[in-house]
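Only the coordinates and a few stated rules stand behind these numbers; no lab work does. Predicted model, so just to flag it, every value in this text is computed and none were measured. So basically every Cβ, Gly included, is an ideal-geometry build from the backbone, and we count neighbours across all protein chains shown.
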Amino acid sequence: ETGVTQTPRHLVMGMTNKKSLKCEQHLGHNAMYWYKQSAKKPLELMFVYNFKEQTENNSVPSRFSPECPNSSHLFLHLHTLQPEDSALYLCASTSVAQGARGQPQHFGDGTRLSIL
Amino acid sequence: SQKIEQNSEALNIQEGKTATLTCNYTNYSPAYLQWYRQDPGRGPVFLLLIRENEKEKRKERLKVTFDTTLKQSLFHITASQPADSATYLCALGSSGGGADGLTFGKGTHLIIQP
């Protein structure tokens, strides 16, 4: 059971294609995140949005472009990807409140991306 | 650079025993530490939070300790069951406040054998 929905669940694309990953949260949260999970590597933070404003870009290549039109939706636009970008892309959300650190992050089940 | 190490890639425990997972970190002063469970093909699920000024937290069969001097957290599952088999992730958060992104370890794949 998850209040964070990611689509599509699987995506295969060529290096010259353009595609977008979508994330939607139904939990009333105000912060959203993109993480990348590659085999044998820890989850890597990519982007953070707090109240729709991007607050962190963790040195992610420009071929990944995030968009957060409102606090419930988050997109990751992909173009000219490389084979090493094949991974599981996870979206998460949380509720940020003044003085309350460490709120749990709620994850979607991810999009499994394969670059041919 | 910041580094998080979880004791082993895989841990086999007999059903009914206590499973103990380790999370060590270097070059980091976290404000809090979280543990997540991840099943194959699914996203991580939050289990427990422990803050820097706390030594121990418990939730049902789960217990977490946090030693900021040793830079280590231990995660215990007592009376383990085959359904506890999963990958367990340690994650650290900074004191920056706001929408902290987490720094994760690689995880420990726990297998509880009947």
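In table form, for the structure just shown:
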quantity	calculated
Hz values of 3J(HN,Hα) by residue in region A:63-70 - Karplus curve (6.51, -1.76, 1.60), Gly and Pro given as x	5, 10, 10, x, 8, 10, x, 7
Qualifying aspartates and glutamates (Cα of each under 12 Å from Cα of residue B:55; at least 8 residues distant if same chain)	B:67
Positive-end residue, region A:1-60 charge dipole about Cα centroid, Cβ charges, pick of A:13, A:58, A:28	A:13
Given A:22/B:3; A:41/B:71; A:52/B:3, the pairs whose alpha carbons are separated by over 26 Å	A:22/B:3; A:52/B:3
Amide hydrogen neighbours beyond the local backbone of residue B:94, cut-off 5 Å, H modeled	B:31
Cβ-placed point charges (K, R +1; D, E -1), dipole of region B:3-113 about Cα centre in debye, nearest 20	120
Estimated FRET transfer efficiency (residue B:26, residue A:86; beta-carbon r; R0 22 Å; 0.05)	0.15
Those Cys residues of chain A for which no other cysteine Cβ falls under 4.7 Å	A:68
Amide H contacts of residue A:12 (H built 1.01 Å from N, under 5 Å, at least 5 apart or other chain)	A:114
Label-point separation, residue B:78 to residue A:51 (7 Å along Cα→Cβ), nm	4.3
Karplus 3J(HN,Hα) series, Hz, for region B:25-42 with 6.51 cos²θ - 1.76 cosθ + 1.60 (x for Gly, Pro)	9, 9, 6, 8, 10, x, 7, 7, 9, 10, 10, 10, 10, 10, 9, x, x, 10
Karplus (6.51, -1.76, 1.60) ³J(HN,Hα), θ = phi - 60°, over region B:2-9, in Hz, Gly and Pro reported as x	5, 9, 10, 10, 9, 3, 8, 6
